[in-house]
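Below you'll find the structure, written out as C-alpha coordinates, and then a few comments.
The values are calculated or read from the model by the stated rules, or taken from the named source; none is laboratory data. Since this is a predicted model, take the numbers as computed values, not measurements. FYI the Cβ positions are ideal-geometry reconstructions off the backbone, even for glycines, and counts take in every protein chain you see. Note: areas computed on protein heavy atoms with side chains; ligands, DNA, RNA excluded. Shrake-Rupley method; radii C 1.70, N 1.55, O 1.52, S 1.80 Å.
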Amino acid sequence: MRLRIALASDHAGFYLKEEIKKLLEEEGLSYHDFGTYSPEAVDYPDQARAVAEAVARGEFDRGILCCGTGIGVAMAANKVPGIRAALCHDTYSARTSREHNDANVLALGGRVVGPALAREIVSVWLKTQFSGGRHARRIAKIAEIERQYSSRLDGEEVFCGCSPGGGLPQEVREGDLAAQVAYVARELLKVAGLKPGDILVAGCSTSEIAGQRIGTASSLEIGEQVLQGLLEATREYQVYLAVQCCEHLNRALVVEAQAAEIYGLEQVTVVPALKAGGALATAAYRALHRPVVVSSIKAHAGIDIGDTLIGMHLKPVAVPVRLEVKTIGCAHLTLARTRPALIGGERAVYR
Ligand code: RB5
(Lines give C-alpha, C1' and ligand atoms only; values in the text may rest on other atoms or scores of the structure.)
Protein backbone atom coordinates (compact mmCIF):
# COMPACT_ATOMS: atom_id res chain seq x y z
CA MET A 1 0.00 0.00 0.00
CA ARG A 2 1.28 3.48 -0.87
CA LEU A 3 1.60 5.57 2.28
CA ARG A 4 0.08 9.03 2.41
CA ILE A 5 2.32 11.21 4.58
CA ALA A 6 1.53 14.51 6.29
CA LEU A 7 4.54 16.66 7.16
CA ALA A 8 5.05 19.86 9.16
CA SER A 9 7.56 21.74 11.28
CA ASP A 10 8.05 24.96 13.15
CA HIS A 11 10.93 27.33 12.37
CA ALA A 12 13.43 25.27 14.41
CA GLY A 13 12.58 22.13 12.47
CA PHE A 14 12.19 23.82 9.11
CA TYR A 15 15.49 22.74 7.54
CA LEU A 16 15.08 19.19 8.79
CA LYS A 17 11.61 19.06 7.27
CA GLU A 18 13.04 20.21 3.93
CA GLU A 19 15.64 17.41 4.16
CA ILE A 20 12.92 14.85 4.88
CA LYS A 21 10.95 16.09 1.87
CA LYS A 22 13.98 15.39 -0.30
CA LEU A 23 14.14 11.85 1.08
CA LEU A 24 10.43 11.24 0.45
CA GLU A 25 10.82 12.49 -3.11
CA GLU A 26 13.84 10.24 -3.69
CA GLU A 27 11.81 7.29 -2.38
CA GLY A 28 8.86 8.23 -4.59
CA LEU A 29 6.56 8.72 -1.59
CA SER A 30 3.70 11.19 -1.70
CA TYR A 31 3.36 13.80 1.04
CA HIS A 32 1.59 17.02 1.90
CA ASP A 33 3.56 19.82 3.55
CA PHE A 34 1.45 21.59 6.19
CA GLY A 35 4.17 24.23 6.74
CA THR A 36 5.87 26.19 8.03
CA TYR A 37 7.31 27.40 4.78
CA SER A 38 10.23 29.55 6.02
CA PRO A 39 12.60 29.77 9.03
CA GLU A 40 10.53 32.64 10.46
CA ALA A 41 9.33 31.96 14.03
CA VAL A 42 5.94 30.27 14.45
CA ASP A 43 4.26 28.35 17.31
CA TYR A 44 4.87 24.59 16.93
CA PRO A 45 1.46 23.48 18.32
CA ASP A 46 -0.22 24.95 15.23
CA GLN A 47 1.75 22.78 12.80
CA ALA A 48 1.55 19.73 15.07
CA ARG A 49 -2.19 20.10 15.32
CA ALA A 50 -2.70 20.38 11.56
CA VAL A 51 -0.78 17.15 10.89
CA ALA A 52 -2.24 15.26 13.85
CA GLU A 53 -5.82 16.13 12.92
CA ALA A 54 -5.28 15.18 9.28
CA VAL A 55 -3.88 11.78 10.35
CA ALA A 56 -6.63 11.25 12.93
CA ARG A 57 -9.28 12.00 10.29
CA GLY A 58 -7.75 9.26 8.13
CA GLU A 59 -6.71 11.63 5.34
CA PHE A 60 -3.09 10.52 5.78
CA ASP A 61 -1.60 7.23 6.98
CA ARG A 62 1.32 8.77 8.88
CA GLY A 63 2.58 12.13 10.04
CA ILE A 64 6.12 13.48 10.48
CA LEU A 65 6.71 16.54 12.68
CA CYS A 66 9.88 18.49 13.35
CA CYS A 67 10.61 21.22 15.85
CA GLY A 68 13.81 22.15 17.71
CA THR A 69 13.78 19.12 20.00
CA GLY A 70 10.80 17.17 18.67
CA ILE A 71 9.35 17.34 22.16
CA GLY A 72 6.86 20.16 21.69
CA VAL A 73 5.35 18.77 18.47
CA ALA A 74 5.09 15.29 20.03
CA MET A 75 3.32 16.67 23.09
CA ALA A 76 0.88 18.70 20.99
CA ALA A 77 0.16 15.89 18.51
CA ASN A 78 -0.50 13.41 21.31
CA LYS A 79 -3.38 15.59 22.54
CA VAL A 80 -5.37 14.70 19.42
CA PRO A 81 -7.43 11.53 20.01
CA GLY A 82 -6.19 8.62 17.92
CA ILE A 83 -2.65 9.98 17.61
CA ARG A 84 0.35 8.05 18.90
CA ALA A 85 3.30 10.35 18.28
CA ALA A 86 6.77 8.97 19.02
CA LEU A 87 9.86 11.09 19.54
CA CYS A 88 12.70 9.06 18.03
CA HIS A 89 16.32 10.06 17.73
CA ASP A 90 17.69 6.59 16.99
CA THR A 91 16.68 3.84 14.58
CA TYR A 92 15.93 1.28 17.33
CA SER A 93 13.26 3.54 18.85
CA ALA A 94 11.92 4.35 15.39
CA ARG A 95 11.49 0.65 14.53
CA THR A 96 10.06 -0.25 17.93
CA SER A 97 7.66 2.70 17.92
CA ARG A 98 6.06 1.09 14.86
CA GLU A 99 6.30 -2.58 15.88
CA HIS A 100 5.15 -2.15 19.46
CA ASN A 101 3.34 1.18 19.68
CA ASP A 102 1.88 1.48 16.17
CA ALA A 103 3.08 5.11 16.20
CA ASN A 104 1.26 7.05 13.51
CA VAL A 105 3.29 10.24 13.96
CA LEU A 106 7.09 10.54 14.12
CA ALA A 107 8.57 13.54 15.94
CA LEU A 108 12.14 14.71 15.33
CA GLY A 109 14.28 17.54 16.65
CA GLY A 110 16.10 19.61 14.07
CA ARG A 111 18.46 20.86 16.77
CA VAL A 112 19.17 17.33 18.01
CA VAL A 113 19.78 15.07 15.01
CA GLY A 114 21.73 15.74 11.85
CA PRO A 115 20.23 15.18 8.42
CA ALA A 116 21.91 11.82 7.75
CA LEU A 117 20.68 10.19 10.96
CA ALA A 118 17.24 11.76 10.51
CA ARG A 119 16.98 10.22 7.04
CA GLU A 120 17.75 6.75 8.43
CA ILE A 121 15.25 7.19 11.23
CA VAL A 122 12.52 8.25 8.82
CA SER A 123 13.30 5.38 6.39
CA VAL A 124 13.15 2.74 9.11
CA TRP A 125 10.00 4.25 10.63
CA LEU A 126 8.16 4.33 7.32
CA LYS A 127 9.08 0.76 6.40
CA THR A 128 8.27 -0.93 9.70
CA GLN A 129 4.88 -2.56 10.24
CA PHE A 130 2.92 -2.85 13.50
CA SER A 131 3.40 -6.34 15.00
CA GLY A 132 -0.13 -6.55 16.46
CA GLY A 133 -0.70 -9.49 18.81
CA ARG A 134 -0.06 -8.65 22.47
CA HIS A 135 0.86 -5.11 21.44
CA ALA A 136 -2.66 -4.56 20.07
CA ARG A 137 -4.03 -5.22 23.56
CA ARG A 138 -1.72 -2.56 25.00
CA ILE A 139 -2.65 -0.05 22.31
CA ALA A 140 -6.29 -0.71 23.20
CA LYS A 141 -5.48 0.25 26.78
CA ILE A 142 -3.95 3.54 25.64
CA ALA A 143 -7.12 4.22 23.66
CA GLU A 144 -9.21 3.43 26.73
CA ILE A 145 -7.34 6.04 28.77
CA GLU A 146 -7.88 8.55 25.99
CA ARG A 147 -11.60 7.88 25.71
CA GLN A 148 -12.16 8.06 29.44
CA TYR A 149 -10.36 11.34 29.86
CA SER A 150 -11.97 12.79 26.74
CA SER A 151 -15.33 12.39 28.43
CA ARG A 152 -14.57 14.39 31.58
CA LEU A 153 -17.11 17.20 31.82
CA ASP A 154 -16.60 20.24 34.08
CA GLY A 155 -14.20 18.33 36.26
CA GLU A 156 -16.74 15.60 36.84
CA GLU A 157 -15.58 12.27 35.53
CA VAL A 158 -18.09 10.72 33.17
CA PHE A 159 -16.88 7.35 31.99
CA CYS A 160 -17.81 6.56 28.47
CA GLY A 161 -19.00 3.10 27.39
CA CYS A 162 -15.52 1.71 26.95
CA SER A 163 -14.42 1.73 30.57
CA PRO A 164 -12.28 -1.42 30.72
CA GLY A 165 -14.43 -4.39 31.62
CA GLY A 166 -17.29 -2.10 32.73
CA GLY A 167 -20.34 -4.12 33.79
CA LEU A 168 -18.46 -7.41 34.01
CA PRO A 169 -18.15 -9.31 37.30
CA GLN A 170 -14.71 -8.78 38.85
CA GLU A 171 -13.37 -12.27 38.12
CA VAL A 172 -14.44 -12.03 34.46
CA ARG A 173 -13.02 -8.50 34.14
CA GLU A 174 -9.67 -9.79 35.32
CA GLY A 175 -9.80 -12.69 32.84
CA ASP A 176 -8.81 -12.62 29.20
CA LEU A 177 -10.83 -11.49 26.22
CA ALA A 178 -12.15 -15.03 25.62
CA ALA A 179 -13.60 -15.17 29.14
CA GLN A 180 -15.24 -11.76 28.69
CA VAL A 181 -16.82 -12.73 25.37
CA ALA A 182 -17.97 -16.08 26.79
CA TYR A 183 -19.65 -14.29 29.71
CA VAL A 184 -21.51 -11.86 27.45
CA ALA A 185 -22.55 -14.60 25.00
CA ARG A 186 -23.87 -16.79 27.85
CA GLU A 187 -25.88 -13.88 29.25
CA LEU A 188 -27.36 -13.23 25.81
CA LEU A 189 -28.23 -16.89 25.20
CA LYS A 190 -29.91 -17.00 28.61
CA VAL A 191 -31.94 -13.80 28.11
CA ALA A 192 -32.80 -14.69 24.49
CA GLY A 193 -33.95 -18.18 25.55
CA LEU A 194 -32.17 -19.98 22.73
CA LYS A 195 -32.84 -23.71 22.43
CA PRO A 196 -30.44 -26.42 21.18
CA GLY A 197 -30.13 -26.19 17.41
CA ASP A 198 -30.93 -22.45 17.26
CA ILE A 199 -28.43 -20.05 15.68
CA LEU A 200 -26.38 -17.24 17.20
CA VAL A 201 -24.90 -14.84 14.66
CA ALA A 202 -21.74 -12.94 15.61
CA GLY A 203 -20.02 -10.00 13.97
CA CYS A 204 -16.79 -8.54 15.29
CA SER A 205 -14.24 -5.87 14.45
CA THR A 206 -10.95 -6.80 16.10
CA SER A 207 -9.65 -3.35 15.11
CA GLU A 208 -12.37 -1.70 17.21
CA ILE A 209 -11.58 -4.00 20.14
CA ALA A 210 -7.99 -2.71 19.89
CA GLY A 211 -9.20 0.90 19.86
CA GLN A 212 -8.66 1.39 16.12
CA ARG A 213 -11.04 2.23 13.30
CA ILE A 214 -12.91 -0.77 11.87
CA GLY A 215 -10.91 -2.50 9.12
CA THR A 216 -7.61 -0.81 9.93
CA ALA A 217 -5.86 -3.12 12.41
CA SER A 218 -7.35 -6.62 12.13
CA SER A 219 -5.76 -9.00 14.60
CA LEU A 220 -5.98 -12.75 14.21
CA GLU A 221 -4.92 -13.19 17.83
CA ILE A 222 -7.87 -11.09 19.03
CA GLY A 223 -10.15 -12.90 16.56
CA GLU A 224 -9.08 -16.27 17.98
CA GLN A 225 -9.81 -15.14 21.52
CA VAL A 226 -13.25 -13.82 20.59
CA LEU A 227 -14.01 -17.07 18.78
CA GLN A 228 -12.90 -19.13 21.77
CA GLY A 229 -15.35 -17.22 23.98
CA LEU A 230 -18.20 -17.61 21.49
CA LEU A 231 -17.55 -21.32 21.04
CA GLU A 232 -17.49 -21.91 24.81
CA ALA A 233 -20.93 -20.37 25.20
CA THR A 234 -22.56 -21.81 22.07
CA ARG A 235 -21.28 -25.33 22.77
CA GLU A 236 -22.63 -25.12 26.31
CA TYR A 237 -26.07 -24.10 24.99
CA GLN A 238 -25.78 -26.47 21.97
CA VAL A 239 -26.48 -23.57 19.66
CA TYR A 240 -24.97 -23.13 16.18
CA LEU A 241 -22.56 -20.25 15.74
CA ALA A 242 -22.65 -18.23 12.51
CA VAL A 243 -19.71 -15.84 12.13
CA GLN A 244 -20.30 -12.92 9.83
CA CYS A 245 -17.55 -12.02 7.34
CA CYS A 246 -16.83 -8.37 6.61
CA GLU A 247 -18.56 -6.25 4.01
CA HIS A 248 -15.97 -7.21 1.37
CA LEU A 249 -17.48 -10.70 1.32
CA ASN A 250 -21.01 -9.25 1.35
CA ARG A 251 -21.31 -10.24 5.00
CA ALA A 252 -21.42 -13.94 4.14
CA LEU A 253 -21.20 -16.25 7.15
CA VAL A 254 -18.98 -19.09 8.35
CA VAL A 255 -21.03 -21.96 9.80
CA GLU A 256 -20.70 -25.67 10.44
CA ALA A 257 -21.71 -27.66 7.34
CA GLN A 258 -24.27 -29.44 9.55
CA ALA A 259 -26.09 -26.14 10.23
CA ALA A 260 -26.05 -25.30 6.52
CA GLU A 261 -27.60 -28.69 5.73
CA ILE A 262 -30.26 -28.52 8.45
CA TYR A 263 -31.33 -24.95 7.63
CA GLY A 264 -30.94 -25.37 3.84
CA LEU A 265 -28.50 -22.46 3.59
CA GLU A 266 -27.02 -21.40 0.27
CA GLN A 267 -23.28 -21.98 0.16
CA VAL A 268 -20.81 -19.63 -1.53
CA THR A 269 -17.25 -20.37 -2.56
CA VAL A 270 -14.76 -18.29 -0.65
CA VAL A 271 -12.26 -18.79 2.15
CA PRO A 272 -12.24 -15.87 4.59
CA ALA A 273 -8.90 -14.09 5.02
CA LEU A 274 -7.77 -11.29 7.32
CA LYS A 275 -8.38 -8.50 4.78
CA ALA A 276 -11.34 -10.13 3.03
CA GLY A 277 -13.58 -11.70 5.63
CA GLY A 278 -11.98 -10.41 8.81
CA ALA A 279 -10.13 -11.86 11.77
CA LEU A 280 -13.08 -13.55 13.49
CA ALA A 281 -14.31 -15.22 10.28
CA THR A 282 -10.75 -16.34 9.47
CA ALA A 283 -10.35 -17.80 12.94
CA ALA A 284 -13.77 -19.51 12.68
CA TYR A 285 -12.98 -21.03 9.29
CA ARG A 286 -9.82 -22.50 10.78
CA ALA A 287 -11.43 -23.76 13.98
CA LEU A 288 -14.82 -25.20 13.00
CA HIS A 289 -15.08 -28.96 12.33
CA ARG A 290 -16.51 -28.71 8.79
CA PRO A 291 -16.68 -25.02 7.96
CA VAL A 292 -18.67 -23.71 5.01
CA VAL A 293 -19.52 -20.16 3.99
CA VAL A 294 -23.16 -19.29 3.34
CA SER A 295 -24.62 -16.13 1.84
CA SER A 296 -27.25 -15.41 4.49
CA ILE A 297 -28.94 -16.79 7.55
CA LYS A 298 -31.91 -16.10 9.82
CA ALA A 299 -30.39 -16.27 13.28
CA HIS A 300 -32.31 -16.41 16.56
CA ALA A 301 -29.98 -14.00 18.38
CA GLY A 302 -26.99 -11.85 17.58
CA ILE A 303 -23.87 -10.39 19.11
CA ASP A 304 -22.17 -7.45 17.40
CA ILE A 305 -18.78 -6.38 18.74
CA GLY A 306 -17.67 -3.11 17.12
CA ASP A 307 -20.79 -2.05 15.17
CA THR A 308 -20.30 -4.41 12.23
CA LEU A 309 -24.06 -4.50 11.47
CA ILE A 310 -25.50 -7.98 11.88
CA GLY A 311 -29.17 -6.99 11.57
CA MET A 312 -29.53 -8.42 8.07
CA HIS A 313 -28.90 -11.91 9.47
CA LEU A 314 -31.48 -11.83 12.27
CA LYS A 315 -34.94 -13.34 12.06
CA PRO A 316 -37.72 -10.82 12.31
CA VAL A 317 -38.62 -9.46 14.86
CA ALA A 318 -35.25 -8.40 16.32
CA VAL A 319 -35.29 -6.90 19.81
CA PRO A 320 -32.30 -5.28 21.55
CA VAL A 321 -30.91 -6.95 24.67
CA ARG A 322 -29.30 -4.51 27.06
CA LEU A 323 -26.77 -5.78 29.56
CA GLU A 324 -24.60 -3.82 31.98
CA VAL A 325 -21.65 -4.63 29.72
CA LYS A 326 -21.43 -2.06 26.92
CA THR A 327 -18.02 -2.81 25.42
CA ILE A 328 -15.56 -5.58 24.63
CA GLY A 329 -12.13 -3.96 24.76
CA CYS A 330 -12.79 -0.60 23.12
CA ALA A 331 -15.50 -1.95 20.81
CA HIS A 332 -19.13 -1.04 21.28
CA LEU A 333 -21.29 -4.08 22.04
CA THR A 334 -24.80 -4.60 20.64
CA LEU A 335 -26.89 -7.65 21.47
CA ALA A 336 -30.19 -8.78 20.01
CA ARG A 337 -32.74 -11.53 20.45
CA THR A 338 -35.62 -12.28 18.14
CA ARG A 339 -39.26 -13.15 18.66
CA PRO A 340 -42.06 -14.22 16.34
CA ALA A 341 -44.16 -11.36 14.97
CA LEU A 342 -47.41 -10.66 16.82
CA ILE A 343 -50.01 -10.76 14.05
CA GLY A 344 -53.77 -10.59 13.76
CA GLY A 345 -54.70 -7.23 15.27
CA GLU A 346 -57.24 -6.62 18.04
CA ARG A 347 -58.98 -10.03 17.94
CA ALA A 348 -55.78 -12.01 18.05
CA VAL A 349 -54.89 -13.98 21.13
CA TYR A 350 -51.19 -14.34 21.90
CA ARG A 351 -51.15 -16.77 24.85
C1 RB5 B 1 11.49 26.76 19.44
O2 RB5 B 1 12.48 27.60 19.92
C3 RB5 B 1 11.51 25.45 20.23
O4 RB5 B 1 11.06 25.68 21.53
C5 RB5 B 1 10.64 24.41 19.54
O6 RB5 B 1 11.06 24.23 18.25
C7 RB5 B 1 10.64 23.01 20.12
O8 RB5 B 1 11.91 22.58 20.41
C9 RB5 B 1 9.69 22.76 21.20
O10 RB5 B 1 9.61 21.69 21.78
> For the range 135-338, with the dipole built from +1 on Lys and Arg beta-carbon atoms and -1 on Asp and Glu ones, taken about the Cα centre, which of Gly167, Ala210, Thr308 lies farthest toward the positive end?
Replying inline: Thr308
> Counting each DSSP H run of 4 or more residues in the chain as -39500 (n - 2.57), what helix-only mean residue ellipticity at 222 nm follows after dividing by all residues, to the nearest 500 deg cm²/dmol?
Replying inline: -11000 deg cm²/dmol
> In µm²/s, what is D for the range 1-72 at 20 °C and 1.002 mPa s, where D = kT/(6 pi eta Rh) by Stokes-Einstein and Rh is the Kirkwood radius from Cα pairs?
Replying inline: 178
> In nanometres, what is the gap between the two model label sites at Glu40 and Gln238, each 7 Å from Cα along Cα-to-Cβ?
Replying inline: 8.0
> What whole number of Å gives the distance from the Cα centroid of the range 61-117 to the Cα centroid of the range 9-23?
Replying inline: 13
>> Using only alpha-carbon positions, what ratio does the radius of gyration of the chain give when scaled by 2.2 N^0.38 Å?
In response: 1.18
> Which of Val321, Val255, Ala136 sits farthest toward the positive end of the charge dipole of the range 135-338, with +1 on the Cβ of Lys and Arg and -1 on the Cβ of Asp and Glu?
Replying inline: Val255
> Taking the simple approach of a point 7 Å from Cα along Cα-to-Cβ for both Ile142 and Gln267, what is their distance in nm?
Replying inline: 4.4
> Quick one, what does Rg over Rh come out to for the range 135-338 if you take C-alpha atoms and the Kirkwood Rh?
Replying inline: 0.97
> Which distance in nm do the two modelled labels at Glu171 and Arg339 give, with both placed 7 Å along the Cα-to-Cβ direction?
Replying inline: 3.3
>> Taking R0 as 30 Å, what FRET efficiency do you get between His89 and Leu274 from their Cβ-Cβ distance, rounded to the nearest 0.05?
In response: 0.35
> Within the range 323-344, what residues put their amide N at less than 16 Å from the label point 7 Å along the Cα-to-Cβ vector of Lys195?
Replying inline: 338-341
> Per the Cauchy relation, a quarter of the hull surface: what is the mean projected area of the convex hull of the alpha carbons in the range 197-262, in nm²?
Replying inline: 4.7
> So how do Phe14, Phe130 rank on accessible area, 1.4 Å probe, biggest first, that is with the largest at the start?
Replying inline: Phe130, Phe14
> In the range 4-127, if every C-alpha pair distance is counted and binned at 5 Å from zero, what percent goes to each bin?
Replying inline: 2, 14, 26, 28, 22, 8, 1, 0
> In square angstrom, what is the accessible area per residue of the range 135-338 with a 1.4 angstrom probe?
Replying inline: 47
> Which of Ile222, Ile20, Thr91 sits closest to the plus end of the dipole of the chain, meaning its Cα is farthest towards the positive end, when Lys and Arg get +1 and Asp and Glu get -1 on the C-beta?
Replying inline: Ile222
> Listed here are the pairs Lys141/Lys298; Lys190/Lys275; Lys127/Lys275; Lys79/Lys127; Lys275/Lys315; which of them are more than 30 Å apart at the Cα?
Replying inline: Lys141/Lys298; Lys190/Lys275
>> Under 5 Å between amide hydrogens, which residues at least 5 positions from Val268 or on another chain qualify, with H placed 1.01 Å from N in the peptide plane?
In response: Val293, Val294, Ser295
